[in-house]
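The values are calculated or read from the model by the stated rules, or taken from the named source; none is laboratory data. Just so we're clear, the structure is a prediction, and the values are computed from it rather than from any experiment. Cβ: placed from backbone, ideal geometry, glycine included. Neighbour counts: every protein chain shown. Ligands, DNA and RNA are stripped out before the accessible areas are found, and what is left, the full protein with its side chains, is counted by its heavy atoms. Shrake-Rupley method; radii C 1.70, N 1.55, O 1.52, S 1.80 Å.
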Amino acid sequence: MNRRKFLGVSAAGCAATLFSKTRLNALTSAVKQEFQPDYLPFAPGVPPEPYQFPVSFLWGAATAAYQVEGAWKADGKGESIWDRFSHTVGKIKGAATGDVANDSYHRYREDIALAKQLNLASYRFSISWPRIQATGSGPANQRGLDYYKRVLDELHSANIRPLVTMYHWDLPQTLEDKGGWPNRDTAGYFADYADVLVKSLGDRVNAWCIFNEPNIFTWLGYGTGIHAPGRTDWDAFMKATHAVSLAQGHAFRAIKAATPKAEATSAITMADCIPRTNSEADKAATGRYEAFRNYWFLDPALKGEYPRALASDQLLQSMGVRAGDMEITKVPLDYLGINYYQRSVCFAADANGPIQADTQEGDQGPKTENGWEVWPEGFYNLLTKINGVYKPKAIEITENGCAYNDVPDEKGYVPDDRRIAFFRGYLGALGKAHKEGIPIRAYSAWSLMDNYEWAEGYSQRFGLVFVDFRTLKRTVKESGKWYAQLAATGKLS
Ligand code: FCB
């Protein structure tokens, strides 16, 4: 990359950080704070140690229904909260919608062929609930089920393991109209939906991911209102978290009842949480933030309780926790699913409802084009910590990736060397953790291809494959070729 391009891109990145609130940045305060670097162990840019991952390691990539499928009204699909939200003026950058997105609903064969071309052994995708039950309850829509059967069959014939997410944020709008996730009845509807999925698709699926980032969709959907359904009510946010934990418990049992050998978890987006200063107030804030961000949906499953750093009796009461509920939430998730993007520098603040803590980006590493800091050591630290806390049998990295908006050059190459550098760094951290015995068995890059990035519309490109959103033509980026080589050999160099 030449310097001019680098400066241009950096300026664009800065502008994006200053003027457009990215989702997670939107949770942070704009105040520029002093940063105490005494605990920082990593010099950015240091090349990772070469590492040979085992042959059994699963290299994959991920997508989500609303972000790639399009076909928002096809074959009996109902309206989701993201259809409603993206059709509401002022909610999404550039008024972009997922109505067409990558049109993967019709082009799934081409997309799976791309996954094959990249030598992927695993593909994580999600099922759109309103394709299966248009209004969130009642008999299943056969055409919706048939679509996912075709996708699963195509993956199996390509010898790619499907990792199927049951819920990646597209709640049927009808259920939102009945109160959405803060209404605990939604947990019951979800249990029925999960039952339909395992009974109809369970013969084709061995790995389920029940929820994607429950910590993010409850927070941004019901607390800050940045995401669908756009509510701003901290009480509703916390109630939603409890309904989701109940739903997770129900779904896990539904999976085991129908397909005892299948494995299930949820994907939690975790952060390496560090206090901004050594003050007691910032340290306590870090504990509360971490309790929500990393543990809130795992402790109820694995320990049968909410993390004590945040869960006061008063809070549990306001969330509507009833006697017996924690027996419903308690299920032995088979592995941990971790999405990792950032570390969070935490400080005490009157923010984020009961969390009473705010965060800012680390400001020592370079920034991606959406302003997220590149700091691989944080990934290693997080993995080490989580492994110590839960001692899981297995961990899958269910998402990790970066936004850089490189486009094809005149010869049709997409020279996204910053993405290659990003993956080198983060996979180096992963290799280090793996070498030390942390039982990581799979890695899903986010994303297989550029797609609809929620409230940011089409402004952030995370793909290994470039998508021209006017023509929908797909072009494998240089990072895609690099990743294909890694997936074929397991060799990080
Ligand atoms: C994660 C989401 C995923 C995508 C990436 C960039 O939080 O799970 O859908 O938006 O961020």
Looking at Val345, Val374, which is the one that is within 16 Å of the ligand (Cβ to nearest atom) and among the β-branched types (Val, Ile, Thr)? Val374
From the residues in segment 67-84 that are within 16 Å of the ligand (Cβ to nearest atom) and buried (at least 24 other Cβ atoms within 10 Å of the Cβ), which one is nearest to the chain's Cα centre (by Cα)? Gln67
Take the residues in segment 443-479 that are more than 16 Å from the ligand (Cβ to nearest atom) and of a type in the set (A, V, I, L, M); name whichever of them is surrounded by the fewest Cβ atoms within 10 Å (Cβ to Cβ). Leu472
For segment 191-225, give me each residue that is touching a Ser or Thr at 6+ places or on another chain (Cβ under 9 Å) and hydrophobic (A, V, I, L, M, F, W, C). Val198, Val205, Ala207, Trp208, Cys209, Ile210, Phe211, Ile216, Trp219
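In the list Gly180, Gly225, Gly202, which residue meets the criterion of being away from the ligand (no atom under 16 Å from the Cβ) and open to solvent by 10 Å² or more (accessible area, probe 1.4 Å)?
Gly225 is the lone residue from the list that is away from the ligand (no atom under 16 Å from the Cβ) and open to solvent by 10 Å² or more (accessible area, probe 1.4 Å).
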Among the residues of segment 251-266, write down those that are part of a helix (DSSP H, G or I) and either among the acidic types (Asp, Glu) or surrounded by fewer than 23 Cβ atoms within 10 Å (Cβ to Cβ) (or both). Arg253, Lys256, Ala257, Ala258
Please list, ordered by first then second residue, the pairs with beta carbon atoms under 6 Å, 6 or more apart or interchain, first in segment 391-419 and polar (S, T, N, Q), second assigned to a strand (DSSP E or B). Thr398/Ala267; Thr398/Gly337; Thr398/Asn339; Thr398/Ser444; Asn400/Tyr340
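For Gly431, state whether it is open to solvent by less than 10 Å² (accessible area, probe 1.4 Å), in contact with a strand residue (DSSP E or B) (Cβ under 6 Å, 6 or more places away or on another chain) and within 16 Å of the ligand (Cβ to nearest atom).
Values: open to solvent by less than 10 Å² (accessible area, probe 1.4 Å): yes; in contact with a strand residue (DSSP E or B) (Cβ under 6 Å, 6 or more places away or on another chain): yes; within 16 Å of the ligand (Cβ to nearest atom): no.
Here the answer is no, as Gly431 does not meet what is asked.
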Restricting the search to segment 399-413, which residues are in contact with a Ser or Thr (Cβ under 9 Å, 6 or more places away or on another chain) and either open to solvent by 80 Å² or more (accessible area, probe 1.4 Å) or within 9 Å of Trp446 (Cα to Cα) (or both)? Glu399, Asn400, Gly401, Cys402, Tyr413
Checking the structure you have, find out if any residue of segment 267-282 is more than 24 Å from Val198 (Cβ to Cβ), out of contact with any Asp or Glu (no Cβ under 8 Å at 6 or more places or on another chain), without any contact (Cβ under 8 Å) to a residue 60 or more places away in the chain and in a helix (DSSP H, G or I). yes
